[in-house]
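**Student:** Sharing a structure here in structure tokens format.
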Amino acid sequence: YNMLCDKCKAEIIIPKLIIKSTLEDKVIKAGNARPQGTNINIDKIVIHSQGVPDDFGDKKALSSIQNWFTQYRATGKSSAHYFINFNGDIHLLVPEDAIAYHAGTNGNKNSIGIEMAGNTYRTKFTDNQVASLKLLINDIKSRHKIKKIYTHADFGKEGCPFKDGSNNPLIKELNASL
């Protein structure tokens, strides 16, 4: 949609949030997330890195995460609610009202997990990823009372997604906007 800048009166084009794909209930059926209706009182967002090389490419990164989250595993269950690819495309992996297994016992409940394509121990994401992340967070905030944005490192996964964890400038910026 379009709006006018308050200061300069120039037209600003605000991109619309578009979910490119959804896995519906496939992750839940594989046992990698709790059933819908279990994730209530959502008050935090946890940002992750997928852990693939930055030159992996969009198609391969999406296929990799979809395959990983929909395969049954007796141990090492993992999932996240959303995935943002290198090009900024947003994909819904687990419905928000289901608990995704993304940040350990203390981080999963009452949270939304967002996986970002790319490797861990990074300093930043692509500009398209950051723009989509901000859109997605604003969309999530319209439905939930988000108090804080964390990184996976805050729940014990060192370097995920950033070398400096929640001290990363992007995470500080996102938390300042809450």
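The values are calculated or read from the model by the stated rules, or taken from the named source; none is laboratory data. Just so it is clear, the structure is predicted and the values come from calculations on it, not from any experiment. For neighbour counting, all protein chains shown are included, and Cβ atoms are generated from backbone atoms with ideal geometry for every residue, glycine included. Heavy atoms of the whole protein, side chains included, go into the accessibility calculation; ligands, DNA and RNA do not. Shrake-Rupley method; radii C 1.70, N 1.55, O 1.52, S 1.80 Å.
**Student:** How much of Lys148 can a 1.4 Å solvent probe reach, expressed as accessible area in Å² and rounded to 10?
**Tutor:** Roll a 1.4 Å probe over it and Lys148 shows about 80 Å².
**Student:** Treating only the Cβ atoms of Lys and Arg (+1) and Asp and Glu (-1) as charged, compute the dipole magnitude of the chain about its Cα centre; round to the nearest 20 debye.
**Tutor:** 320
**Student:** Another question, if that's okay. So what is the accessible area of the chain per residue, in Å², with the probe set to 1.4 Å?
**Tutor:** 53
**Student:** If I model a spin label at Asn175 and Ser64 as a point 7 Å from the Cα along the Cα→Cβ vector, what separation in nanometres do I get?
**Tutor:** Placing both labels 7 Å beyond Cα along the Cβ direction yields 2.8 nm.
**Student:** State, to one decimal in nm, how far the label point of Tyr121 lies from the label point of Asn167, with both points 7 Å from Cα in the Cβ direction.
**Tutor:** So the label points at Tyr121 and Asn167 sit 1.7 nm apart.
**Student:** Roughly what % of DSSP beta bridges within the chain run antiparallel, to the nearest 5?
**Tutor:** Looking only at bridges with both residues in the chain, the antiparallel portion is about 30 percent.
**Student:** As I understand it, the value is the acute angle between the Cα axis of helix 58-70 and the longest principal axis of the Cα atoms of the chain; what does it come to in degrees, rounded to 10?
**Tutor:** Long axis of 58-70 versus the principal axis of the chain: about 40 degrees.
**Student:** Set the Förster radius R0 to 22 Å, insert the Cβ-Cβ distance between Lys141 and Asn106 as r into 1/(1 + (r/R0)^6), and round the FRET efficiency to 0.05.
**Tutor:** The pair Lys141/Asn106 has a calculated efficiency of 0.50.
**Student:** State the percentage of accessible surface on the chain attributable to carbon and sulfur atoms; use a 1.4 Å probe and exclude ligands, DNA and RNA.
**Tutor:** 52
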